[in-house]
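For reference, the structure discussed in these notes is given below.
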Amino acid sequence: MSPITPFKISVPESKIIRLQRLLALTDFPTEPTNIEPWTRGPPLADIKRLAHVWQHSFNWRAIEAKLNELPQYMAQIEIEGHGLNEIHFIHQPSVIKSAIPLLFVHGWPGSFLEVTKILPELTEGGDEYPAFHVVAPSLIDFGFSSASKEASVKSGFNVDQHAEACHKLMQALGYSEYVVQGGDLGSAVARILASTYGPNSCKAQLINNAAPAQPTAESHPELHARVQATALTDGELAGLKRTQEFGENGNAFYRLQSTRPLTIAYSLSSSPVGLLAWIYEKLHDWADDYPWTETEILTWVSVYYFSRAGPSASLNIYYENEHRHPKKTLFAEMQVEIPDVPLGIARFPKDLILLPKLWHHTMGPVVYENEHTRGGHFPAWECPDAIVEDLRTMFGKDGGAYRCTGESDGYRVAND
Amino acid sequence: MPTPVPFKIAVSEEKLRILHQKLSLTEWPDEVPLKEPRSRGAPLQEVKTLVDYWLHSFDWRAQESKLNQFPQFTTDIDVDGFGTYNVHFIHQRSDVPNAIPLIFLHGWPGSFIEVTKILPELVQGGQNFPAFHVVAPSLIDYGFSQGNTKEGFNLDQHAEAYHKLMQSLGYSEYVAQGGDIGNFLTRFLALKYPESCKAHHTNMPTPNPPDPSKHTDLIAKIEAEGGLSEEDQYRLASTQAHHASGMAYAMEHMTRPQTIGYSLADSPVGLLSWIYEKLVDWTAGYPWTADEVLTWVSIYRFSRPGSAAPQRIYYEMMHRESMTVVDVTAQYIDVPLGTSHFKKDLLRFPTRWDATLGPIAFQAEHDKGGHFAAWECPQDLVKDLRDMFGKESPIHGCVAGQSGFT
């Protein structure tokens, strides 16, 4: 039985002092004068203002205290070939005993923070809509979980190991059956959970970053014929344009993190402003005009800056996922059909990869699909109601994944 | 024409002090130990050793003095539609009055320093081999030239600036040599100013594959010779490998130059690793000393336009409105061209494809060297230039009155 202990975030004072010293020494670059803002990166005025707030008025201790009101724990989990790891996680069970165990998996540059807005609503319910027991870890190499260790074995610590960690965490909490919600890297982890631990343990997946393969006449003859016969909606056309734009213009971070993560690691570990710019660019570019406050931005960045494994450890998974041989690379793996685990797709218009909806059927049995009218890459943060609605509907009495976890269907039992 | 003003590099004590403070506060990433130590980037132990040396042993003032032994100047150049730019350059005239005026154009992560190994030999000669008057600027946005903060300042504008620089020095006709961005610049000079740029040489030619609709003779010739050789296949494969795993830096420069600019401006070790990774990856076992690496990096750290500037040209190149830079520079430009191929350069193509670029006046293949030819193989580059413009060469005397010989 893996030991689980309560946990409170407590960043050493020395780290805070060092941060402020480095901010005080910041060398800012110049900026071209007549350009359209954001076309080349975060505007200088924004970065200067954020750096100033971070140095002088951002109160990490207050943020930390607020976060520590959440039920946080640390679990010791053994990962095959990679030794013992410590997983930081939020665990909020519902008062409804038969609530659905839900694993919420974040991505980059997100964190466990992303669950905090939806946590109260998800654990409510039991009458009109299902309730959930919510588990939201920091991925290993992120947040307050430990750093991954390179084993002496051939394979690196990639998405399979992250899935193993999450699965074992759910098991350790007594959730032999569970469902998973994930976006960004979290949606990749969700897919591996489904393929490796489904349908016995991982009973259903709701992802908000579907990246399906195009059905061909050879791979999916019926679906292919349907695709050929179906005109793309305006939304789908816009989505394809957005996907192309992302690939051409917004993907350099991915190329760098998946080929030369160590080169950029030096900057991200040694320069708070460098880290701030690296992350803030994506908070802006990937959200749907979300009005990020300074506190939000700096809290998200601070979770990386103060992370246990250091801000650069989070890049490891990008490299590992592209060097997963002899297994497939990440995107290829995400396209593999998982025929026996119910799949839900939440689609947000300002996300990065939006492919024609019929293609989703190459991924597995689509039991739920919702195309939202607003929101981007961080829906649990930008439009929490939307994700809550998706989960309640997909797993609700009329939903395609109702009762997938058997008697723990999220509804109040008569005598409760 | 304004007279060039003599220039000496003089980095402030304040900048040195801040650098040291930051270096001593360096927070290190963890390294994932790997079978292939360089595959994720500049290895941690090497970077730590360099930073330690930088902090305790590297003598910038000594390197600064060494650089200041070269005759440096600055002059104001007007660029149409953009304004006036103060351009820093080395200008060394040969004792041979009829020496060939040559402009040497660096790239990234290089600088004007790259000319310093070949300069002393290039200005010699006049008897058995030609001599050159050498001009080597810091590109605008690099080194000790002024930076540009206006959108749209592309290779066209850079070429205009360096052409006007040569004109301002009294060189109405000249030849050009370059690699990396310098390669593209020699092509733009030849294209825009063929009446002045009488010949150009590149150590990184970038032809497109021969086009069946345009290059039927060349394609037939290659076919007749047995198609692409094993060496050609190897070249193309290594270019592809570079595109697959070594081009992320360029993608970042081309799409988000300001984002990476924040890191490069603020973090000396970030700047060091960004550059050092390429110094090693792009050379063929060149035994970089710590002094060399740190001098190269210091030129970026202490540059006049700052560390977010060098990336801007990549963004502009990618967003050029009319023809793409690749297509502009890969077209046939009717100005004599010399190409030198070095074994480990990043973009390598079958040498027979060079003929699509222009009239080939000189071609050499070297079984050594990489991206920084003037630094790694100065002797070979000097010999190539001497042969290209020598008495036996078809373009001997291409610059009127400046044959390179007494």
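Read-outs throughout are calculated quantities, based only on the coordinates presented, and are distinct from any laboratory measurement. What you see is a predicted model; the values in this text were computed from it and never measured. Note: ideal-geometry Cβ built from the backbone for every residue, glycine included; neighbour counts use all protein chains shown.
To the nearest whole number, what is the average tally of beta carbon atoms from other chains within 10 Å of the beta carbons of peptide B:307-316?
Details: counts 3, 9, 4, 0, 3, 4, 0, 0, 5, 1.
That average works out to 3.
What full-extension length gain, to one decimal in nm, is calculated for A:Ala332 and A:Thr230 as 0.36 nm per residue of separation minus the Cα-Cα distance?
That works out to 34.2 nm of additional length.
Can you give the calculated 222 nm mean residue ellipticity of chain B, where each DSSP H run of n ≥ 4 adds -39,500 (n - 2.57) and the sum is split over every residue, rounded to the nearest 500 deg cm²/dmol? Display every interim value, and only then the final one.
Numbers: 16 runs with 161 residues, N = 406.
Counting only the DSSP helices, I get -11500 deg cm²/dmol.
Suppose R0 equals 51 Å; then what is the FRET efficiency for A:Asp385 and B:Lys66 from their Cβ-Cβ distance, rounded to the nearest 0.05?
The pair A:Asp385/B:Lys66 has a calculated efficiency of 0.20.
If each DSSP helix of 4+ residues adds -39,500 (n - 2.57) and the sum is divided by the residues in chain A, what number results at 222 nm, nearest 500 deg cm²/dmol?
Details: 16 runs with 161 residues, N = 416.
Mean residue ellipticity at 222 nm (helix-derived): -11500 deg cm²/dmol.
Amide H of A:Ile96: which non-local residues (sequence gap of 5 or more, or other chain) have their own amide H closer than 5 Å, using H built in the peptide plane?
Amide H to amide H, under 5 Å and 5 or more residues apart or across chains, A:Ile96 pairs with nothing.
Could you check the spin-label model distance between A:Thr33 and B:Asp76? Points 7 Å from the Cα along Cα→Cβ, value in nm.
1.5 nm
List the residues, sorted by chain then number, that are 5 or more residues from A:Ala204 or on another chain and whose placed amide H is less than 5 Å from its amide H.
A:Val180
For B:Lys164, go through the lysines and keep the ones whose alpha-carbon is under 26 Å away, minus same-chain ones fewer than eight residues off.
Cα-Cα hits under 26 Å: B:Lys8, B:Lys117, B:Lys150, B:Lys192, B:Lys198.
Per-residue HN-Hα couplings for the stretch A:64-74, Karplus 6.51 cos²θ - 1.76 cosθ + 1.60 at θ = phi - 60°, whole Hz, x for Gly and Pro?
Karplus-based 3J(HN,Hα) across the stretch A:64-74 equals 4, 4, 4, 5, 6, 6, 7, x, 10, 9, 10 Hz.
For the pair B:Leu236 and B:Ser322, what calculated FRET efficiency results from E = 1/(1 + (r/R0)^6), where r is the Cβ-Cβ distance and R0 = 25 Å, to the nearest 0.05?
Efficiency computed from Cβ-Cβ geometry: 0.30.
Let me check against my output: what whole-number percent is the relative contact order of chain A, with C-alpha pairs under 8 Å and at least 6 apart? Provide the component values of the computation, followed by the final result.
Numbers: 773 pairs, mean separation 88.3, N = 416.
Dividing the mean separation by the residue count of chain A yields 21 percent.
May I ask you to derive the FRET efficiency for B:Ser39 and B:Thr3 from their Cβ-Cβ distance with R0 = 51 Å, giving the value to the nearest 0.05?
0.50
Amide H of B:His133: which non-local residues (sequence gap of 5 or more, or other chain) have their own amide H closer than 5 Å, using H built in the peptide plane?
B:Ser94, B:Ile100, B:Leu102
Where both residues lie in the stretch A:43-416, what percent of DSSP beta bridges are antiparallel, nearest 5?
Antiparallel bridges: around 35 percent, rounded to the nearest 5.
Could you point to the residue in B:Pro310, B:Met323, B:Leu279 farthest towards the positive end of the stretch B:237-338's charge dipole, with +1 and -1 charges on the Cβ of Lys/Arg and Asp/Glu respectively?
B:Pro310
Show me, for the stretch B:269-285, the HN-Hα J-couplings you get by feeding each phi into the Karplus relation (A = 6.51, B = -1.76, C = 1.60, θ = phi - 60°), rounded to Hz, glycine and proline as x.
6, x, 5, 4, 5, 4, 7, 4, 3, 7, 4, 7, 4, 9, 10, 9, x
Only four residue types carry charge here, +1 at the Cβ of Lys and Arg and -1 at the Cβ of Asp and Glu. Report the dipole size of the stretch A:43-416 about the Cα centre in Debye, rounded to the nearest 20.
The calculation lands at about 720 debye.
May I ask for the distance between the Cα centers of the stretch B:267-310 and the stretch A:1-67, given as a whole number of Å?
Their Cα centres are 27 Å away from one another.
Net charge around A:Phe253, counting only other residues with Cβ within less than 11 Å of its Cβ (Lys, Arg = +1; Asp, Glu = -1)?
0
Which ³J(HN,Hα) values in Hz, rounded to whole numbers, follow from the phi angles of the stretch A:114-130 under the Karplus curve 6.51 cos²θ - 1.76 cosθ + 1.60, where θ = phi - 60° and Gly and Pro get x?
5, 7, 5, 6, 9, 4, x, 5, 5, 7, 7, x, x, 10, 6, 9, x
Tally Lys and Arg at +1 and Asp and Glu at -1 over the other residues with C-beta under 10 Å from the C-beta of A:His377: what net charge comes out? Mind showing how you got there, number by number?
Details: positive: A:Lys282, A:Lys350; negative: A:Asp184, A:Asp285, A:Asp288, A:Asp351, A:Glu382.
Summing Lys and Arg as +1 and Asp and Glu as -1 gives -3.
To the nearest whole number, what is the average tally of beta carbon atoms from other chains within 10 Å of the beta carbons of peptide B:129-140? Write out the running numbers ahead of the final one.
On the way: counts 0, 0, 0, 0, 0, 0, 0, 0, 0, 0, 0, 0.
Whole-number average of other-chain Cβ neighbours for B:129-140 is 0.
Could you give P(r) for chain B, binned at 10 Å from zero, as whole percent values over all Cα-Cα pairs?
That works out to 5, 22, 33, 26, 11, 2, 0, in percent per bin.
Once label points are set 7 Å from the Cα along Cα→Cβ at both B:Gln167 and B:Lys150, what is their separation, rounded to one decimal in nm?
Simple spin-label model gives 1.6 nm for this pair.
Which of the chymotrypsin sites (Phe, Trp or Tyr not before Pro) found in the stretch A:1-92 are in a DSSP loop and have at most 15 neighbouring Cβ atoms, other than their own, within 10 Å?
Those that pass, being in a loop and sparsely packed, are A:Trp38.
Relative contact order (percent) for chain B, with alpha-carbon contacts under 8 angstrom and 6 or more residues of separation? Before the final figure, lay out each step's value.
Numbers: 731 pairs, mean separation 87.7, N = 406.
Over chain B, the number comes to 22 percent.
Quick check for me: using +1 on Lys/Arg Cβ and -1 on Asp/Glu Cβ, what's the dipole size of the stretch B:204-317 about its Cα centre, in debye to the nearest 20?
560 debye
Under a plain spin-label model, where a point goes 7 Å from the Cα along Cα-to-Cβ, how far apart in nm are B:Thr289 and A:Ala172?
Here the modelled spin labels are 5.3 nm apart.
Run the paramagnetic zone check for A:Ser10: 7 angstrom along Cα to Cβ, then residues of the stretch A:50-80 with backbone nitrogen under 12 Å.
none
Per residue of A:32-42, how many C-beta atoms from partner chains lie within 10 Å of its own C-beta, taken as a mean?
Mean partner-chain Cβ count within 10 Å for A:32-42: 6.
Where the centre of each part is set by its Cα atoms, how far does the stretch A:310-342 sit from the stretch B:107-163, in angstrom?
The stretch A:310-342 and the stretch B:107-163 have Cα centres separated by 45 Å.
What does DSSP give for the protein assembly as shown in terms of the percent of beta bridges that are antiparallel, rounded to the nearest 5? Present the calculation step by step, with values, prior to reporting the outcome.
On the way: 30 of 72 bridges.
Within the protein assembly as shown, antiparallel bridges account for around 40 percent of the total.
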